[in-house]
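Only the coordinates and a few stated rules stand behind these numbers; no lab work does. Since we're looking at a predicted model, the values are computed, not measured. Here the Cβ positions follow ideal geometry from the backbone for every residue, glycine too, while neighbour counts run over all protein chains shown.
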Amino acid sequence: MKKIILLLLCIIPFLSSSGEDFTWWNILHGWKPGMPGWQSFLHISPGYMGPNALPVPEVKKGIVEAGSNVEFGLDLHFMKGDPTQDLFAKYYRSFADNKIAIEFYGVLAEHFAMSTAIRDERLAHNFEGKGFTNGDLYFSTLIQIIKGKKFPDTMFRMACRTASGNQLEGARYTDCPGYFFDLSFSKEYISDNKKFSFLPFASSGFYSWQINDEVNQQNDAIMYGIGGEVKCSRWTLSNSLSGYSGYKKLRDKPMVYTIDLNHSYKNHAIRLQYLHGLRDWNYRTIKLSLIVNLKK
């Protein structure tokens, strides 16, 4: 019995440290003692990380929507070598006669399964390349600047991304904060019978996030968006082209085309979105969500 206990005591340290043996990564990427840590090898940019690490922000339409609601969604991201699924949640509330609104949103849980090729391309430190994690929390303030005037309706948004997401080692989230702000504009055109409306919209802003460059510790980007929305009865269909352009020239200029279909009911709405990555964000994403209106 004593021999068995002694044997277990000798084996346990090796078992507990076996998951921390990164010799495979050191050999693959040429790391040697004395060099900077593996975190400095990662590329903190949308083209080298998971779909939720640095996504293109949703294009706003110049209007602070009235009311408050919660949204729960399932997102399916399709990409060769990195199929990803996640659960998403969002809280929205307007106040001050719909001149100001706040938003809180983020990925509650994410499942990923990278191929070896994608894992190595992203210099990920996760040998398995798969698992579960949670995402970053975003919070934003929306301010109505102009509404109902000859000049297009204008809204200002300022948002912050926290560093609450995990799995930096899997290149899923950045483990660093970021922020963005923009102005969005729109002008609604209503048919004579008031059963149909068309809303062209556009936005322009600035996006900045922290990176692991010792000299320049953040990447700055110009953010943009343009699109149109059609409303008929309880149906709303919109499509947009949006993105941002960083200066590092390291897959940091993502561009996305989005189709958004919404059907509203008395106290809730069903929303279906399709996102098609055009540059530096190479996913095809389907988002299905339920929006529940909250009583005041």
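Can you classify the range 211-296 as rounded, prolate or oblate using the Cα gyration tensor, where a ≥ b ≥ c are the square roots of its eigenvalues, rounded means a/c under 1.5, and otherwise it's prolate if a/b beats b/c and oblate if not?
Prolate is the answer for the range 211-296, as a/c is 1.5 or above and a/b outweighs b/c.
Just add up the charged neighbours of F201: K/R +1, D/E -1, any other residue whose Cβ is under 14 Å from the Cβ of F201.
In short, -1.
Quick check: net charge around Q273, other residues with Cβ under 12 Å of its Cβ, Lys/Arg +1 and Asp/Glu -1?
Residues near Q273 contribute -1 overall.
Which of (1) 7, 31, 39, 20, 3, 0; (2) 6, 24, 32, 19, 10, 5, 3, 1, 0, 0; (3) 5, 20, 18, 13, 11, 9, 7, 7, 6, 2, 0, 0 is the computed P(r) over Cα pairs in 10 Å bins from 0, in percent for the structure on display?
(2)
Going by average Cβ density within 10 Å per residue, which order do the peptides 204-217, 28-41, 83-96 take, highest to lowest?
Descending mean neighbour count gives 83-96, 204-217, 28-41.
Tell me, in nm to one decimal, what length is gained between L87 and Y189 on full extension, where the rule is 0.36 nm per residue of separation less the Cα-Cα distance?
Taking 0.36 nm per residue and subtracting the Cα distance, the gain is 33.2 nm.
Quick one: length gained pulling W24 to S233 fully straight, 0.36 nm per residue minus the C-alpha distance?
69.4 nm
Compute the length gained on full extension between N98 and K80: take 0.36 nm times their separation in residues and subtract their Cα-Cα distance, giving the result in nm to one decimal.
Gain on extension, N98 to K80, equals 2.2 nm.
Among F198, L137, N212, whose Cα lies farthest out toward the positive end of the dipole of the range 104-226, if unit charges sit on the beta carbon of Lys, Arg (+1) and Asp, Glu (-1)?
F198
Please give, to one decimal in nm, the separation of the simple spin-label points placed at F206 and Q218, each 7 Å out from Cα toward the Cβ.
0.9
With a sphere of radius 12 Å drawn around the Cβ of R172, what net charge do the other residues whose Cβ falls strictly inside it have (Lys, Arg +1; Asp, Glu -1)?
-3
Between F196 and H111, what's the calculated FRET efficiency when r is the beta-carbon distance and R0 is 41 Å? Round to 0.05.
Given R0 = 41 Å and the Cβ-Cβ separation, E is 0.50.
Where in the range 92-134 does the label zone of S264 land, with the point 7 angstrom along Cα→C-beta and an amide N cut-off under 20 Å?
92-104
Tell me which residues come under 5 Å, amide H to amide H, from L278 once H is placed; ignore anything under 5 positions away on its chain.
Hits under the 5 Å cutoff: M255, V256, Y257.
Within the range 192-209, find all residues whose amide N lies under 16 Å from a label point positioned 7 Å from the Cα of K147 along Cα-to-beta-carbon.
none
With contacts defined as alpha carbon pairs under 8 Å and 6 or more residues apart, what's the relative contact order of the chain in percent?
Relative contact order here is 17 percent.
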